[in-house]
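The values are calculated or read from the model by the stated rules, or taken from the named source; none is laboratory data. Owing to the predicted nature of the structure, the values given are computational and were not obtained by experimental measurement. Every residue, glycine as well, gets a Cβ built from its backbone with ideal geometry; the counts of neighbours run over all protein chains shown.
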Amino acid sequence: MGQSVKKLLENLNDKILDRKTNQKILELHTDKVESLLLHHEDLEEARVIFQKASQVTQTQLAEQVSNIVSSALAAVFYEPYKFVVEFVSRRNTTECDLTFEKNGKQKSPLASCGYGAADIASLALRVAYWKLDGEARNVLVLDEPLRNLDVFKQPLASMMIKNLSKMPGGLQFIIVTHQKALAESADKKFSVVKENEVSYVTEQK
């Protein structure tokens, strides 16, 4: 009988010891879980902060690009479209929508707006990219940038390009064109003549 009681006590002590050990393990894991939860909350808070910062940056970027392109359009057209830049989330990624807006209605730059307006917007977008990229070279090479623009608006576009070249940073335009109005506004002009399959470049005075 004494041996049985002793055995029972030993088993009970073992169980108590196991329970204490398990209790300590549980407390340790509880601390880890609480730490992970706190860490998760920190990560979630950081994610929200980065998301807000990204939204602010995108808003500022959209506003800057919109202002540059809209100003270029206003310099050429009497009733210009406003250029709208909007960042949207699609398929778990951020995309950029570019539209023209007039009288509260938005259109694609290539839909019923005239390709001349699209030419001006395209040129101004390149200028905006140059302005926002601190490491970009201060030279833009353009091949027939106003090919679709009405001939009567080309002098206004030429003046607009001239004004853009005076922006801080000294942006220089190298333009290849057949358009007389655009060529005449250049600081330096070169003509290219092809004779017997050979091209000759000469500076015009």
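Data table
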item: Residue check for V69: without any contact (Cβ under 8 Å) to a residue 60 or more places away in the chain, out of contact with any Pro (no Cβ under 9 Å at 6 or more places or on another chain) and assigned to a strand (DSSP E or B); result: no
item: Index of the failed condition, I161 passing every other in (1) more than 25 Å from the chain's Cα centre (by Cα); (2) modelled with pLDDT of 90 or more; result: (1)
item: Residue in the range 134-156 that is in contact (Cβ under 8 Å) with a residue 40 or more places away in the chain, hydrophobic (A, V, I, L, M, F, W, C), surrounded by 13 or more Cβ atoms within 10 Å (Cβ to Cβ) and under 24 Å from P80 (Cα atoms) present; result: yes
item: Conditions (1) surrounded by 12 or more Cβ atoms within 10 Å (Cβ to Cβ); (2) aromatic (F, W, Y); (3) at pLDDT below 90; number of the one not met by F50; result: (1)
item: Meets criteria (among the aliphatic types (A, V, I, L, M), more than 31 Å from the chain's Cα centre (by Cα) and assigned to a strand (DSSP E or B)) for V141; result: no
item: Pairs with Cβ under 9 Å, 6+ apart, first in the range 183-205 and over 21 Å from P145 (Cβ atoms), second of a type in the set (D, E, K, R); result: Y200/K194; E203/K188; E203/K189; K205/K189
item: Candidates E86, E101, E27 - the one that is modelled with pLDDT under 75 and not polar (S, T, N, Q); result: E27
item: Residue count for the range 159-186, restricted to those that are over 21 Å from E203 (Cβ atoms) and surrounded by 13 or more Cβ atoms within 10 Å (Cβ to Cβ); result: 5
item: Matching residues, the range 99-126, being assigned to a strand (DSSP E or B) and surrounded by fewer than 16 Cβ atoms within 10 Å (Cβ to Cβ); result: E101, K102, K105, Q106, K107
item: Out of L156, L123, sole residue that is under 20 Å from the mean Cα position of the chain (by Cα) and either modelled with pLDDT of 90 or more or closer than 22 Å to E79 by Cβ (or both); result: L123
